[in-house]
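Novice: Encoded as structure tokens, here's the structure I'll be asking about.
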Amino acid sequence: MIEEKEKTAGITSVGADGGQSNLKTNAIVTDSEAECNSKKKNLRELARAMQTYSDPYFLPTVTMNDLFNTVYDGKPPVIENLLYPGLFVFAGAPKIGKSFLMLQIAYHVSTGLPLWEFPVSQSPILYLALEDTFDRLQRRLYKMFGVEGTDDLHLSIASMQLGKGLDEQITWFLKKVPDTRLIIIDTLQKIREPDGDNFSYGNDYEIMSSLKRIADTNGICILVVHHTRKQKADDAFDMISGTNGIMGAADGAFILQKEKRTSNDAVLEISCRDLQDQKLYLKRNEENLQWYFERTETELWKDPPDPLLEIINNFLSECGGKWDGTATELEEKLQSKLSPSALSMKLNVLAGRLKNEYDIRYERLRNHDGRRIELSFLGTSA
């Protein structure tokens with residue numbers, strides 16, 4: 001079927017002499033004219049945007065509808081219900097076993113083996129063991145895991161300080177190993193600037209904010225090991241050495257504590273912006289030096305299943321693993337009882353869950369026909 005070109009209504013024009021008239025009918029808006037008008041509109045919008053951005057008091061904002069009309073790529077957890085992309089602090093008293101737990105986390109993430117009862121997203125990791133030597137790391141790793149090694153666990157015992165070259169070193173490593181999703185820095189004090197003895201709130205906050213910028217820019221998790229104070233506190237997180245600026249700039253924190261230094265039992269408390277606070281009870285094995293999970297104080301909260309996501313998963317399976325069309329067409333297929341715009345906005349918000357829970361890529365596309373939705377299985381799920 002040949003598409004009809006858009007036509008305009010007849011226009012009557014009265015000449016300047018008042019006696020003659022020109023009748024123009026069926027004026028055709030050609031593709032070139034439409035393209036020219038579109039370019040002019042884009043140039044006007046660009047000029048307005050440049051004028052806005054050049055204002056020294058320009059404040060960037062988005063509306064609620066802007067947010068709902070944007071698709072954010074969901075980052076899978078590094079360790080489900082424990083560790084996510086962002087900046088995290090891991091604190092505990094000296095010689096309590098923090099570094100052994102860091103090696104355990106590093107090994108499990110680099111191999112993809114579940115840590116205790118928590119699923120792991122396998123990826124290369126960088127572990128800056130700045131208080132260790134390579135021979136000590138060799139002995140510890142052998143005692144903990146035997147000779148089952150991995151090329152995805154990268155270890156270093158020296159680095160530059162933050163603001164004095166560490167940023168560039170991390171950037172260099174991420175270019176060399178682009179799939180890296182976790183960097184462990186052991187310890188925070190080792191990467192402070194040479195004049196980093198100023199333990200003010202502002203100084204602590206700026207140091208942690210610098211690390212958070214690196215994590216957020218690259219979509220990775222940075223786990224920083226730090227010490228606790230000797231003084232006890234009602235809130236365990238108030239025991240983190242330094243000011244509240246350290247935890248204030250971080251996305252979450254872990255505190256490892258023992259009731260008795262000679263005991264193998266410990267409590268791991270976890271506080272995170274987007275997760276339920278947790279308290280895990282651990283026991284350390286003297287033979288292999290690993291920490292083992294015993295119990296948790298409360299059951300972990302999980303997002304309730306969303307029927308729409310299950311419907312989409314089944315629909316996509318029936319379609320052979322790939323579908324594209326408009327929001328209106330998708331609503332007709334799913335019978336979701338949502339308006340096309342509401343369905344589109346809901347899928348924008350749930351795009352991360354579709355990817356992480358169902359291995360489905362959701363994309364919003366725009367072409368000359370308008371906005372379209374594309375759904376497809378990732379990896380081998382198709």
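The values are calculated or read from the model by the stated rules, or taken from the named source; none is laboratory data. If you're wondering where the values come from, they're calculated on a predicted model, not measured in any experiment. Because the Cβ atoms are built from the backbone with ideal geometry, glycine has one as well, and the counts that use them run over all protein chains shown.
Novice: Out of (1) modelled with pLDDT under 90; (2) in a helix (DSSP H, G or I); (3) under 27 Å from residue 87 (Cα atoms), what's the single condition that is false for residue 380?
Specialist: Evaluating residue 380 over (1) modelled with pLDDT under 90; (2) in a helix (DSSP H, G or I); (3) under 27 Å from residue 87 (Cα atoms) leaves (3) as the failure.
Novice: How many residues, within region 66-89, are in contact (Cβ under 8 Å) with a residue 40 or more places away in the chain and either over 19 Å from the mean Cα position of the chain (by Cα) or part of a loop (DSSP other than H, G, I, E, B) (or both)?
Specialist: The first filter runs over region 66-89 and keeps only residues in contact (Cβ under 8 Å) with a residue 40 or more places away in the chain, leaving 68-89.
Remaining after also requiring either over 19 Å from the mean Cα position of the chain (by Cα) or part of a loop (DSSP other than H, G, I, E, B) (or both): 69-78, 80-82, 84-85.
Qualifying residue count, region 66-89: 15.
Novice: Using the structure shown, decide if residue 240 is under 15 Å from residue 102 (Cα atoms), in contact with a strand residue (DSSP E or B) (Cβ under 9 Å, 6 or more places away or on another chain) and among the β-branched types (Val, Ile, Thr).
Specialist: Against the criterion (under 15 Å from residue 102 (Cα atoms), in contact with a strand residue (DSSP E or B) (Cβ under 9 Å, 6 or more places away or on another chain) and among the β-branched types (Val, Ile, Thr)), residue 240 does not qualify.
Novice: For the subset of region 90-113 comprising residues that are modelled with pLDDT of 95 or more and in a loop (DSSP other than H, G, I, E, B), which member is nearest to residue 353 (Cα to Cα)?
Specialist: Within region 90-113, the match that is nearest to residue 353 (Cα to Cα) is 112.
Novice: While we're here: Inspect all residues belonging to region 13-20 and state whether any of them is in a strand (DSSP E or B), at pLDDT 90 or above and on the phi < 0 side of the Ramachandran plot.
Specialist: Scanning region 13-20 turns up no residue that is in a strand (DSSP E or B), at pLDDT 90 or above and on the phi < 0 side of the Ramachandran plot.
Novice: I would also like to ask the following. Does residue 97 satisfy the criteria of being on the phi > 0 side of the Ramachandran plot and in contact with a Lys or Arg (Cβ under 8 Å, 6 or more places away or on another chain)?
Specialist: yes
Novice: When region 217-270 is examined, which residues are found to be among the polar types (S, T, N, Q) and either touching a Leu at 6+ places or on another chain (Cβ under 7 Å) or free of Cβ contacts under 8 Å to residues at least 12 places away in the same chain (or both)?
Specialist: 217, 218, 231, 262, 263
Novice: Oh, and also: Inspect region 282-299 for any residue being touching a Gly at 6+ places or on another chain (Cβ under 9 Å), among the charged types (D, E, K, R) and within 30 Å of residue 237 (Cβ to Cβ) and give the result as yes or no.
Specialist: yes
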